[in-house]
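Below you'll find the structure, written out as structure tokens, and then a few comments.
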Amino acid sequence: MKQETENRVHRAGFAALVGMPSAGKSTLLNAMVGRKISGVSPKVQTTRRRIVGIYTRPDFQLAFTDTPGLLTPRYKLHETMAKEIEAALGDTDVVVLVAPFDRPELPETFTHLLRSCGKPVVVALNKIDLGNQEKVRTALEEIRHRFDYAVAVLPVSALHNFNVEALAEVVAPHLPESPPLFDPDQLTDRTERFVCAEIIREKVFLYFEKEVPYSTEVVVTDFKEEESLTRISAEIYVERESQKRILIGSKGSALTRIGTAARRDIENMLGVKVFLDLYVRVAPEWRNDERRLKRFGY
């Protein structure tokens, strides 16, 4: 059956998901593959690295690349994120611009980049669940006028899984003829360790405010699979002692909350019971430290 599926796939390639930080690209990626592989929160800058989600159908295989949101660089970390976007546009076969219904504006420089990138552009108007039918229709007309070079414009709601499969079908004809690039059962190019770190960092973004989430990085230091249990150790890095105290909380309450929520999602992903051990470390100014950034995988 696996060989038959491989033989039937005749188009395969990459589609880069790009857009502003509030576009909901990560939610769309997770909806596409049917599993959480990228951290999601209402805060900007949740996505920091390119993550590929793999969607396989009998006639095509589409690798969606979730890229960091567009932003003005303030740290070396932001510079590496901007380079991730540029690299994704260079490597991709199709560009999927994810424009949120509530804030569809784009910087003029990025609009120019899309127009001149030389790749087919599909616009996904996301978060249409926030508007009524008339407002959505008006927004679609404005998007079609603004992006008159786009090969397609499609309303979607990643949160409610509306038109997610239709988006893949719109993108697929613009992929090159090719056998599958990944095993049909594979959902992402990232390891389980990486996804676990993303899930933990997602909880920090969800539960904390101000500078704490943006000063946080997570590194999984140990990942042991036993017969009926997976043991995971992870270090949460922040830049200041005050941030460390906030993450730990009174008698460890905040860290327990992070661990409990993260463990639940990781167990759903792995399908086994998980023991999760978290530590908080201080790495001063790591976002501007090239040595640290390389160690963290940037």
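Structural remarks
- Unmet criterion (only one of (1) within 17 Å of the chain's Cα centre (by Cα); (2) at pLDDT below 75; (3) part of a loop (DSSP other than H, G, I, E, B)) for P73: (1)
- Residue count, the range 92-124 (criterion: in contact with a Phe, Trp or Tyr (Cβ under 6 Å, 6 or more places away or on another chain) and within 24 Å of I51 (Cβ to Cβ)): 3
- For the range 214-236, the criterion of being assigned to a helix (DSSP H, G or I), without any contact (Cβ under 8 Å) to a residue 12 or more places away in the chain and not hydroxyl-bearing (S, T, Y) is met by no residue.
- Residue within the range 128-147 that is hydroxyl-bearing (S, T, Y), farther than 16 Å from M20 by Cα and touching a helix residue (DSSP H, G or I) at 6+ places or on another chain (Cβ under 8 Å) present: no
- Qualifying residue in the range 128-139 (condition: at pLDDT 90 or above, surrounded by 20 or more Cβ atoms within 10 Å (Cβ to Cβ) and within 18 Å of N30 (Cα to Cα)): yes
The values are calculated or read from the model by the stated rules, or taken from the named source; none is laboratory data. Small disclaimer: the values here were computed from a predicted structure and weren't measured. Virtual Cβ from ideal backbone geometry, glycine too; neighbours counted across all protein chains shown.
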